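Following: one structure in structure tokens, then a few remarks.
The values are calculated or read from the model by the stated rules, or taken from the named source; none is laboratory data. Keep in mind it's a predicted model, so treat the numbers as computed, not measured. Note: ideal-geometry Cβ built from the backbone for every residue, glycine included; neighbour counts use all protein chains shown.
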Amino acid sequence: MSLRDLLLIYAVLGVACAVAIYRSSTESRPRAAVAAALALPLWPLWAPIALTSSRSRPAATWASAIDPRARAARSPVSEAAARVEAALREGVEACAGTSLESLLPRDAAARIAAEVKRAAERHAELTAVLGREGFDLDAAERRVAELEKSRASARSLATARLHLENVKRLAALRDRDARALEELSDLVLALRTQLTLARFAGSSVEGVGGIVSEVWARVEGLGAALGGDDDGALDSDEA
Amino acid sequence: MSAGVLRRLLRSPADIAACCREDRDTRAIAVTSLIAVVLGAAAFGGVIGSFRGGAQIAYAAVKIPLALVATLAVCAPAFHALAAGLGRAWPMRSIIALVLAAAGRSSLVLLALSPALWLLFDLGLDYHAAALAAALAYGIAGLAAIGILIRGLGAGSGRALTAVAFIGVFFAVGGQSSWILRPYLVRPKTTQVPFLRAREGGFADALRKSGRSSAGIYDRASVRSIGESDRMNSTPDQVRAFEGSE
């Protein structure tokens, strides 16, 4: 076998990997095209990553990655985000090339995945922040109780109550993100099932359309939460 | 390319190694490391090529990252099989992310050492000293890579054996890849610089010949194998010393 034969086989395998990566990608078309193009020269290294990275756990922030407490706390939400991404990919594959494709186009799936990723990252940051010293809810409540008991000055008490209120709001935001992601995960799993059923049963898109609308409503809700005024309070010095 | 991953690659290799081992964030690590490999090795190659100058700067800037990426591409399946056989049956993406992270960190070290090497060349380092300085830079970069590799393999039995197996495979494949793509460091007096030298056996042959030369046993065929232009520009002592040095 000559060098030319080897190069030809390498190129054919590269093209096959590029096609597989492009078709399986849930990212937007330009990003999917870049990922596919990268596989042409580098498929032995890139194809296993690009084709299976959705099974990998999602990206961690710098803060949460180095904090074992945060790492442990973010796992269920990270898993939910990974389930959403995998279900979206399967949903896109299920309706590709059918009349259902307009219901869940690749670009829309990419936008949903991006919102979910942002929400998961925010949840991880919030968890990391709340795991740090000075952000403990119990400690803040104890501090207020102690000040009340010792009849501290009104100013000290007001400061302690403000701190407690802020910690409570941060915890509420974290819990709300977790609930939203869990609910969205269930909904996207149902959407995937519905799309698969509609494809194989050849049924109409009526049932699917309802779930798609619901998914979009939840995603917009997530986006609104992420773009809210509370973001200013979530800056982490490590993130 | 993720600035966060790049920062962790430099400042917290243990964290990157843990991410690869625990199958977290592997895509971002792989992409960033791949870019670091290409850019870092290309910059180092450019400096190596600058010893002669001209087209050799571009040649070496292309060939050094090419040799490294080709080596990793050939080695990755072997690493996966070795790790699985020695008790670490991880996903392929984890192994690839780990070796890319190791190579990426070593390439960043090469990038950091490039200005110093360039300065030494500019101060008039001779050919053999230049080769030695480049080899030293490679050695330092290799230590940085081994740091990530060892941490990435994690605790547990067979870690040292797995690391030695990885390094052995990498040296064998990397040596041959580099040998095929030479020359990198070329004497300034050389008039014609080919992109690739004519095929002259393999890396193992070169090692054997170098070993014999170091023992004072000179093989006439090995002297003949040196390129015509090099012989024209070298003294007999230089020709002997040149064996296997590129």
- Go through the stretch A:16-35 and give me each residue that's touching a residue at least 12 places away in the same chain (Cβ under 8 Å) and either within 14 Å of chain B (Cβ to nearest Cβ) or polar (S, T, N, Q) (or both). A:Cys17, A:Ile21, A:Ser24, A:Ser25, A:Thr26, A:Glu27, A:Ser28, A:Arg31, A:Ala32, A:Ala35
- When residues of the stretch B:5-25 are limited to those that are farther than 17 Å from B:Ile150 by Cβ, surrounded by fewer than 18 Cβ atoms within 10 Å (Cβ to Cβ) and facing chain A (nearest Cβ under 9 Å), the one nearest to the chain's Cα centre (by Cα): B:Arg7
- Residue among B:Leu66, B:Leu143, B:Leu136, B:Leu82 that alone is in a helix (DSSP H, G or I), within 13 Å of the chain's Cα centre (by Cα) and under 28 Å from A:Leu7 (Cα atoms): B:Leu66
- Message: Checking B:Phe170 against (1) surrounded by fewer than 19 Cβ atoms within 10 Å (Cβ to Cβ); (2) part of a helix (DSSP H, G or I); (3) among the aromatic types (Phe, Trp, Tyr): exactly one of these is not met. Which one?
- Response: (1)
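Every residue in the stretch B:68-89 that is under 11 Å from B:Thr162 (Cα atoms) and surrounded by fewer than 17 Cβ atoms within 10 Å (Cβ to Cβ), please.
B:Ala81, B:Ala84, B:Gly85, B:Gly87
Taking the condition within 14 Å of chain A (Cβ to nearest Cβ), under 12 Å from the mean Cα position of the chain (by Cα) and β-branched (Val, Ile, Thr), does B:Thr71 pass?
Details: within 14 Å of chain A (Cβ to nearest Cβ): yes; under 12 Å from the mean Cα position of the chain (by Cα): yes; β-branched (Val, Ile, Thr): yes.
When the stated conditions are applied, B:Thr71 passes them.
Residue-by-condition table, conditions (1) within 17 Å of B:Val31 (Cα to Cα); (2) surrounded by 23 or more Cβ atoms within 10 Å (Cβ to Cβ); (3) modelled with pLDDT under 70; (4) within 13 Å of another protein chain (Cβ to nearest Cβ):
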| residue | (1), (2), (3), (4) |
| --- | --- |
| A:Pro41 | yes, no, no, yes |
| A:Ile49 | yes, yes, no, yes |
| A:Thr52 | yes, no, no, yes |
| A:Ala63 | no, no, yes, yes |
| A:Ile66 | no, no, yes, yes |
| A:Ala73 | no, no, yes, no |
| A:Pro76 | no, no, no, no |
- Query: Under the condition of being part of a helix (DSSP H, G or I) and over 14 Å from the mean Cα position of the chain (by Cα), which residue from the stretch B:90-110 is surrounded by the fewest Cβ atoms within 10 Å (Cβ to Cβ)?
  - Reply: B:Met92
- Message: Could you tell me how many of the residues in the stretch B:85-114 are more than 14 Å from every other protein chain (Cβ to nearest Cβ) and more than 29 Å from B:Ala131 (Cβ to Cβ)?
- Response: 5
- Restricting the search to the stretch B:151-167, which residues are part of a loop (DSSP other than H, G, I, E, B) and of a type in the set (Ser, Thr, Tyr)? B:Ser157
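Conditions (1) of a type outside the set (Lys, Arg); (2) in a helix (DSSP H, G or I); (3) crowded, with 20+ Cβ neighbours inside 10 Å, marked per residue:
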position: A:Asp107; (1), (2), (3): yes, yes, no
position: A:Ile112; (1), (2), (3): yes, yes, yes
position: A:Glu121; (1), (2), (3): yes, yes, yes
position: A:Leu147; (1), (2), (3): yes, yes, no
position: A:Arg155; (1), (2), (3): no, yes, no
position: A:His163; (1), (2), (3): yes, yes, no
position: A:Arg174; (1), (2), (3): no, yes, yes
position: A:Glu183; (1), (2), (3): yes, yes, no
position: A:Arg199; (1), (2), (3): no, yes, no
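Please find, within the stretch B:173-200, the residue that is surrounded by the most Cβ atoms within 10 Å (Cβ to Cβ) out of those that are small (Gly, Ala, Ser) and either without any contact (Cβ under 8 Å) to a residue 40 or more places away in the chain or touching a Cys at 6+ places or on another chain (Cβ under 6 Å) (or both). Spell out how you get there, then give the answer.
Filtering the stretch B:173-200 down to residues small (Gly, Ala, Ser) leaves B:174-175, B:177-178, B:198.
When the remaining residues are screened for being either without any contact (Cβ under 8 Å) to a residue 40 or more places away in the chain or touching a Cys at 6+ places or on another chain (Cβ under 6 Å) (or both), the result is B:175, B:198.
Details: B:Gly175: 17, B:Ala198: 7.
Ranking the candidates gives B:Gly175 first.
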- Message: Of the residues B:Ala55, B:Ala61, B:Ala28, only one is in the same structural domain as B:Met92 (by TED's automatic domain parsing), under 13 Å from the mean Cα position of the chain (by Cα) and of a type in the set (Gly, Ala, Ser); which?
- Response: B:Ala61
- Query: Restricting attention to the stretch A:124-149, which residues are within 30 Å of B:Asp25 (Cα to Cα) and basic (Lys, Arg)?
  - Reply: A:Arg132
